[in-house]
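Only the coordinates and a few stated rules stand behind these numbers; no lab work does. Predicted, not measured: the structure shown is a model, and the values here were computed from it. Here Cβ is always computed from backbone atoms with ideal geometry, including for glycine, and neighbour counts include all displayed protein chains.
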Amino acid sequence: MPKYTGRHDLAIIVHHVFPHLWQATTVPWPLGRLLPGILLGFCLSATALTARAHNHHDDNHLYQASVSDTDTKPVSGQDLEDIGSLFPGQSDAAGSAQPAPAASSDPNAQGLNVTRFFQSMNPDMSFIMDSAVAGFSSDTPLQLGAHDPRANGFNFQQLELSLGSAVDPYFRFDSNIVFSPFGVEIEEAYATTTALPENLQLRAGQFLTRFGRLNATHPHAWDFADQPLVNGKFFGGEGNRGLGTEVSWLSPLPWYLELAGSLTDATGAATARSFYGSQNLGVNGVGDLELCTLIKQFFPLSEDLSVAWGMSGAFGPNPTGRSNRSEIYGTDLYIKYRPISGENVSIVSLTTEAMVRRRQVPGNVLVDAGGYTSLFWQFALGWAAAARYEVVSGTNNDYIDPEWIGNRQRASANVTWWPTEFSRIRLQANADFPTWRAEPIYGVFLAFEVVTGAHGAHKF
């Protein structure tokens, strides 16, 4: 019996549906122009999943089966013409560059070419939706994260579209596009080299810097429903990110040791808060960019216990005067215990991160510090509990946070249930104590997350 590949269904969908979607969509720009492409990706994924269900192949053999089976139902010549008609610019360009090769008489070869064509257009894609119901004791809860629950009632935190694929033997491309009630933003979009010598790697585009433990991660990878206070105060609600380039080097030492440095834009009220922030003063030299440096080390102490330790620094200009600079120094420690023997499903991890910030201002230097410590415990399969304590200091005459003149402390605790690896429900409670407020701020969240599509494993 011929194997089902979904190619005929895909050709019909592409030919008959998408031209009308492109012309008739009434969704405002830019989502209206993104919608057909998003739906195309869904159709590509759906045909692959349908073929998997019909053939009962293991994931590791899907690609091999698609290119090696000789009994695969071929694509007809009419199907190829229909698909080719959707990309006239590509066919014209190819025709002007060189004579078209003779058409193969083997129908299976034609089907193989189409399969490879669509695979090159179909990167790993996933949608991740985060939302929450929140209740606060204050109408102004002082949440600092851009994707935190921030108001009483329902909160749509974000919808993240994650795309990633190998480009060729030399580069990989990754991007994260975030949809929110306020619009669409390109959170990350960058290319990474994969074949440089001497354990070197380059990254270029827009990306979250790798300062500390948490900054380079996205909300769905966090153990809590909101961003740590120190990250929000020092970097901004979106985390420290910018357009730039990064170079990293993995040492040949017996343990894991990586050195990295990046240069990125120093502007953005929500992404470079301690530097130029909302004031775009231009770039007249390297000194007008943000430099981020880091060292990461990993020590497997035993089969069950491991430790990761890092140190980071961020340096750049601030808008208070000519040649005035801001500096942020940080260290982070992550300890993880996960028994791999027997049937023990417990996981215990401890995360600690601390930062110190120095900012030059006319006639003075402002210094403040902050950090957090969190404990995570998976006590049963699909169930976990976590607790976190945070403290961030303030300083007088702060041009960014003039009211933050004393310490702010916050304690959080939560319980999380994963019905499957594609969904998560989290109940969290916060007790926040800003010294400039007469009363503490209490908050309770019921957060819900769903994931669909192919999404890679999170970093250790």
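The residues packed around Pro440, meaning those with a beta-carbon under 15 Å from its beta-carbon, carry a net charge of -1 if Lys and Arg are +1 and Asp and Glu are -1. Normalised by 2.2 N^0.38 Å, where N is the number of residues, the alpha-carbon radius of gyration of the range 270-415 equals 1.34.
Calculation over all alpha carbon pairs of the range 373-446 in 10 angstrom steps from 0 returns a P(r) of 18, 36, 25, 15, 5 percent.
Rounded to the nearest angstrom and listed largest first, the equivalent-ellipsoid semi-axes of the range 216-327 from its Cα gyration tensor are 30, 19, 10.
Kindly give the semi-axes, whole Å and largest first, of the ellipsoid equivalent to the range 126-453, taking each as the square root of 5 times a Cα gyration tensor eigenvalue.
Numbers: eigenvalues 167, 153, 84 Å².
In descending order the semi-axes read 29, 28, 20 Å.
When peptides 380-390, 306-316 are ranked by their average number of other Cβ atoms within 10 Å per residue, the highest-first order is 306-316, 380-390. Among Glu160, Glu403, a tally of other beta-carbon atoms within 10 Å of each Cβ gives an order, fewest to most, of Glu403, Glu160. With the Kirkwood sum run over all distinct C-alpha pairs, the range 185-272 has a hydrodynamic radius of 14.2 Å.
Quick check on the range 123-280: what does the Kirkwood estimate of hydrodynamic radius come out to from the alpha carbon pairs, in Å? Mind showing how you got there, number by number?
Values: mean 1/r = 0.0584 Å⁻¹.
The answer is 17.1 Å.
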